[in-house]
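Down below is the structure, laid out as structure tokens.
The values are calculated or read from the model by the stated rules, or taken from the named source; none is laboratory data. Only a predicted model underlies this, so the values are computations on that prediction, with no experimental measurement involved. Positions of Cβ are generated from backbone atoms using ideal geometry, with glycine treated the same way; all protein chains shown enter the neighbour counts. Only protein heavy atoms, including side chains, enter the accessible area calculation; ligands, DNA and RNA are left aside. Shrake-Rupley method; radii C 1.70, N 1.55, O 1.52, S 1.80 Å.
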Amino acid sequence: MTDSGTECTYCGCDVYRHDPVFVEELENGERVSAGSFCNYACLTSYVEAENLSLGATCELPPE
Ligand SMILES: [Zn+2]
């Protein structure tokens, strides 16, 4: 993964030419960049392609 911050993590386009979405993760208490995307479509495609959402659903409290 590049950390340039301007290339889409999924498709490699310049995200600033679109409607950019940025993702951060928490590592050792610090927010670190986990990806930059043209838009939610690229983010969603990336998550599905990498199976990042498998088994990762947070537990919702019962209503
Ligand atoms: Zn993209």
Just give me the residues in the range 35-59 being of a type in the set (A, V, I, L, M, F, W, C), more than 10 Å from the ligand (Cβ to nearest atom) and surrounded by fewer than 15 Cβ atoms within 10 Å (Cβ to Cβ), in sequence order. ALA49, LEU52, LEU54, ALA56, CYS58
If you take the residues of the range 5-33 that are open to solvent by less than 90 Å² (accessible area, probe 1.4 Å) and free of Cβ contacts under 8 Å to residues at least 12 places away in the same chain, which of them is farthest from the ligand (Cβ to nearest atom)? GLY29
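Among VAL32, VAL47, which is the only one that is of a type in the set (Val, Ile, Thr) and in contact with a Leu (Cβ under 9 Å, 6 or more places away or on another chain)?
Of VAL32, VAL47, the one residue that is of a type in the set (Val, Ile, Thr) and in contact with a Leu (Cβ under 9 Å, 6 or more places away or on another chain) is VAL32.
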